[in-house]
Every structure is written in C-alpha cells, then in structure tokens.
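Remarks on the structure that follows.
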Amino acid sequence: MRRIGRYDRVVTFPSFITLPTLVRPSEADPTLEGGYLEWAQDDRSRAPDFYQIGLGSASEAFPRWTVFAPGYARSVNLAEFPAYTDALGWLSVPGEPEAYVSIYLRAIELEVFDYDDFNRVALRSSSWRAASAAYWTVFLPVEP
C-alpha cells in the first residue's frame, strides 16, 4: 500500500450486519429439497435492505443463477432442481456430473434504498453501506 499515513480524524463505520445462518437445508440434512431455501438473521442486527442469493457449481467461480429478496424475507422458493442420478447430475463441466451446488447469501444495506424500485447501481459493492456474506454447499436430492 502506498502513501499510508496518520489519519487526523476518526472514521466511524456503521455496525455490522450479522452473518445469515442456513436453516433449511440444514447441517443435519444438507439436501436442497424442492428448491426451498431458508435462513435466519440475528434480530439484534440491523435488517439489510435486500438479500442477493447466488447458486452455482462449487467448481465454478460465478453463480449460474442470482435472485434477490427483500430484507425482511427469510426464505425463497427457487426453481426445483432435478434429482441427482448417475445419468443426470449437476453438470459443471460436460461429462463431470456433481451432486451438489454452492449457495451464497449476501445481506446488503445501502444509504438510500427502495426494494420496489431499485436498479443495477444497487448491485455495485461501491454503493453498499454495509454487507455480510455466507457461503454453503448443499446437495441435490438423490434418486436411485
């Protein structure tokens, strides 16, 4: 880092938004059934303005799907994924089926925000006032 010096003023950051925790699928049963995803957010934390949820292959850098939910939401119904079979898996690379997907959940707060009327500027991390992100790997249902 260059030109780092002493600051003559105190920079005050907003309080953190706590990390969301996955409720369903759970650690005990990490299977994504019916495309239903549920999480918990600590009630003592500020509520985010919205959640950004991404799903993709654990072997790929970018999500295949991104969905958004309002900050008061604690669940979403995603598209129902097909059950994993040897013949049909989650194809991250042709010929390499996977039985799992990765999910990230970002809780995001902006200075000014209206969920019913937001645009791509809200998706820029430079527009965020605060954010937290959690990542999980879940399994697709298995059919014999």
Checking the stretch 10-76 for trypsin sites (Lys or Arg not before Pro) in a loop per DSSP with at most 10 other beta-carbon atoms within 10 Å yields Arg44
Which value in nm describes the separation of the simple spin-label points at Thr21 and Thr137, placed 7 Å from the Cα toward the beta carbon?
2.2
Counting sequence-distant residues (5 or more places) and residues on other chains, those with an amide H built under 5 Å from that of Thr31 are Ser26, Phe139
Which residues' amide hydrogens lie under 5 Å from the amide hydrogen of Tyr36, considering only partners 5 or more residues apart or on another chain, with H built in the peptide plane?
Leu78
Compute the length gained on full extension between Ser125 and Arg9: take 0.36 nm times their separation in residues and subtract their Cα-Cα distance, giving the result in nm to one decimal.
39.3 nm
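Taken together, the values in this text are just the output of simple stated rules run on the coordinates, not laboratory data. Worth saying up front: this structure is predicted, and the values here are computed from it rather than measured. Note that each Cβ is placed from the backbone with ideal geometry, even for glycine, and that neighbours are counted across all protein chains shown.
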